[in-house]
Ligand SMILES: [Zn+2]
C-alpha cells in the first residue's frame, strides 16, 4: 500500500456518499432481476465484476419498483437532465451518486486523466468535503475495508447489515440474483 493510500480515511469517504431514501415497492414490482449477457466489468474499488453486476441487478430493480428515485440534476456538476447511478460502494446501492454522463465518464477516467477530473471537481465542490472532492486518484479498497468491518455478510446485498433494506422491500426481492461465490 502506498503512503497516500495508507493515509486515506475510507470511513469518512463512505460517510460522505449520498444517502437516498427508499420507498415501498409497487405491488406489481418485477418478480425477476434483469439478467444481462454482456461480460462482467473489471474490478473497481475492490469490488469484483460479479459484485458490480449484482449491485446493478438490485439497483435496477429498486428503480423499476419505484423504491429509488434519481434526482434530475447531476450530484456533482448540478446540470439538469437525466442522471445515471454510479456504483461507488457496491455493498450499499442506495448510496450510489446520481451523475450526468459527462461527470460519470470523467470520474472513471480519473486514473489516467486526473487534471480533467479535478477541473470538474474544482468547478463543482463548495466545501471540499463532498465525496467527489475527497476522491483520490488511486483506487480505494472499499470492499475489503467493509469486509474487514462486517465480514462477508457485507457482500450479501439483499440482506446487508450495512444499510438494511426495509422489510417492505426485502420481502419482495426476486430470487435470481447472480450468485456470489462466497455469500
Ligand atoms: Zn455532472
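A short reminder: the numbers here are calculations on the coordinates, not readings from a lab. Values in this document were obtained by computation on a predicted structure and should not be read as measured data. Methodologically, a virtual Cβ is constructed for each residue, glycine included, from the backbone with ideal geometry; neighbour enumeration extends over all protein chains shown.
Suppose R0 equals 30 Å. What FRET efficiency, 1/(1 + (r/R0)^6) with r the Cβ-Cβ distance, do residue 183 and residue 127 give to the nearest 0.05? Once the sixth-power term is evaluated, E becomes 0.25.
Note on the chain: helix-only mean residue ellipticity at 222 nm, from DSSP H runs of 4+ residues weighted -39500 (n - 2.57) and normalised by residue number, equals -9500 deg cm²/dmol. Could you check how many percent of all C-alpha pairs in the chain are farther apart than 25 Å? Looking at the chain, the distances longer than 25 Å represent 35 percent of pairs. Comparing 107, 40, 70 in a Gaussian network model of the chain (Cα springs below 10 Å), the most mobile by mean-square fluctuation is 40.
To the nearest 0.05, what FRET efficiency results for residue 69 and residue 9 with a Förster distance of 22 Å applied to their C-beta separation? Efficiency for this residue pair is about 0.15. The mean sequence distance of close C-alpha pairs (under 8 Å, at least 6 residues apart), as a share of the length of the chain, puts its relative contact order at 27 percent.
Model label points for residue 40 and residue 24, set 7 angstrom from Cα along the Cα-to-Cβ axis, are 3.7 nm apart.
Between region 17-52 and region 142-165, the C-alpha centres lie 15 angstrom from each other.
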